[in-house]
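Here the structure is laid out as structure tokens; the discussion comes afterwards.
All of the numbers you see were taken from the coordinates with simple rules; none came from a lab. Not measured: the values here are computed from a predicted model. FYI the Cβ positions are ideal-geometry reconstructions off the backbone, even for glycines, and counts take in every protein chain you see.
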């Protein structure tokens, strides 16, 4: 009940921020792009790329665009979840109540995850509606792909919340996106067979891929599910989920440990 | 006896600076306790340690016997911070609802408690108004309404009169006395000494992180009892003679003489010394020190490095 009380306030707080609507609007452009690129609407011929290839590219860009901006939104909201309340003196009134600091973190983080997941769900549904209505039917591929991205969002939100306790809160999403990109980059050779012909991952890349949170693998799995193409070296999804779960625990404990040390 | 607040050897250091230096303090159940001190004395740090918002370097603190580190210790505590910050987009009613949920008041009783708090602070007519649009005084009222929500057993108020108008002062005083009558313990951090004097049963004065005086209000006034003499022709010789009496301090401002005596009988001797020395006593009376005077004297002398063990 106490966590839910905080969550309700947090939801209101998040929904009052213009950045939520701004990012939603940007993401919508990617959805419209997908609509404009379904096979039925593609006009003209291209000698290099057939209609299906062009549709595939548009689909990929749209999907990754939506995911990227959802990640950005989640990061921006998560970076303020704890630090804003601490800096503005709001946390001291709340924590003077019989509320543990763990519950406070959960209550502040949940609305961020709910809003980010809701944003992704709405965009994903529109994507599904626009794109697949034209092609005849909606398969389970799309919701499943977005479900994987929701897991990625949850971990990303937790990571940014954790980072915001160590570095200035405005820098946390920036640092987070760099980490996210490095993770995606180190995952690339494992998802694109053609790429591996040109790029054999060095030991460093392999190590990074092994040690970093597997944001890239999650995104790769999502894209793989979406395209219906088997991943080149997807490996065991349980390993990816295990990595995500382990990192979620690590980020949670560091956040809780750091926040409990903070004086208000 | 289980105290409402109990602090033992509480020390809080920020680097080399001791914000609190070996504080030992108990607040009895059902009393109004005034905690006084100049700016930066350590009052708010003490309160924050009690509420587990700041951690003590050493020592321990309890609320109703429960260690302050446990959230359960704050189950029956209402708190008003010095400068309350609230989510500005909430209405007063939503703000109170939020706190009622945090306290753990059951859904059926929340409305009753909110209505009661709003009534006590005369906020019923503005219950739907957004916090961000409130004046400072109204915000303070909303903060107090939040603190008294759910009838807490311990109410901790940090500068509660800040921003309140005279009517607000009076209403708050009445409210505190009513709550005290119902058994609530009230811990009052305030600069407004006249208010503390009128409402508190016991008082502690803190300066530079140390408690320099504590006791009941009457006890403190008694110990500051002094002889006030207005005389003409007062000389150093007379001062030396009076010094030999059982007094502990003389204050002379050029016109009147303030003498702190241990023995009331010495007032006759003071009169005799002045008259025999050729002076003329215009008036001679016993006066009790107001809390404000006591506070000023103790803090001033402490700051000047005088012995704090004077009466």
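When you take every Cα atom in the stretch B:15-173, what is the radius of gyration, and what is Dmax, the widest Cα pair distance, in Å?
In Å, with Rg to one decimal and Dmax whole: 16.4, 51.
Helix B:291-303 sits at what angle to the longest principal axis of chain B, using alpha carbons and giving 0 to 90 degrees rounded to 10?
Its long axis makes an angle of about 80 degrees.
Between residue A:100 and residue A:29, what FRET efficiency comes out of the Förster formula 1/(1 + (r/R0)^6) with R0 = 60 Å and r the beta carbon distance, rounded to 0.05?
Numbers: r = 42 Å, r/R0 = 0.71.
So, using R0 = 60 Å, E works out to roughly 0.90.
Quote the FRET efficiency, to the nearest 0.05, computed for residue A:170 versus residue A:198 with a Förster distance R0 of 30 Å and r equal to the Cβ-Cβ distance. Don't skip to the end; give the middle numbers.
Values: r = 37 Å, r/R0 = 1.25.
Working from the Cβ atoms, E equals 0.20.
Measure out, as a whole number of angstrom, how far apart the alpha-carbon centroids of the stretch B:85-144 and the stretch B:145-196 sit.
16
Once fully extended, how much extra length lies between residue B:287 and residue B:106, figured as 0.36 nm per residue of separation less the alpha-carbon to alpha-carbon distance? Numbers along the way, then the final one.
Numbers: separation 181, 0.36 × 181 = 65.16 nm, distance 5.35 nm.
Full extension from residue B:287 to residue B:106 adds 59.8 nm.
Any chance you could give the angle, 0 to 90 degrees and rounded to 10, that helix B:166-181 forms with the longest Cα principal axis of chain B?
Helix B:166-181 and the main axis of chain B meet at about 80 degrees.
For chain B, modelled as a GNM with alpha-carbon contacts under 10 angstrom, which of B:63, B:259, B:50 fluctuates the most?
Among B:63, B:259, B:50, the largest mean-square fluctuation in the Gaussian network model of chain B belongs to B:259.
What FRET efficiency, computed as 1/(1 + (r/R0)^6) with R0 = 45 Å and r the Cβ-Cβ distance, is obtained for residue A:262 and residue B:119, rounded to the nearest 0.05?
Rounded to the nearest 0.05, the efficiency is 0.75.
Rg and Dmax of chain B, using alpha carbons, in Å: what are they?
Values for chain B (Cα only, Rg and Dmax): 23.4, 80 Å.
For helix B:92-103, report the angle its Cα long axis makes with the longest principal axis of the Cα atoms of chain B; keep it between 0 and 90° and round to the nearest 10°.
It is inclined by approximately 90 degrees.
Starting from the Cα-Cα distance between residue B:18 and residue B:82, subtract it from 0.36 nm times their residue separation and give me the gain in nm to one decimal.
So the extension gain works out to 20.9 nm.
Which value results when the Cα radius of gyration for the protein assembly as shown is divided by 2.2 N^0.38 Å? Let's see the in-between values first.
Values: Rg = 33.8 Å, N = 575, 2.2 N^0.38 = 24.6 Å.
So the Cα radius of gyration is 1.38 times the expected 2.2 N^0.38 Å.
Could you work out how much longer the chain between residue A:238 and residue A:21 gets when fully extended? Use 0.36 nm per residue separation minus the Cα distance between them, nm to one decimal. Before the final figure, lay out each step's value.
Numbers: separation 217, 0.36 × 217 = 78.12 nm, distance 3.48 nm.
Length gained between residue A:238 and residue A:21: 74.6 nm.
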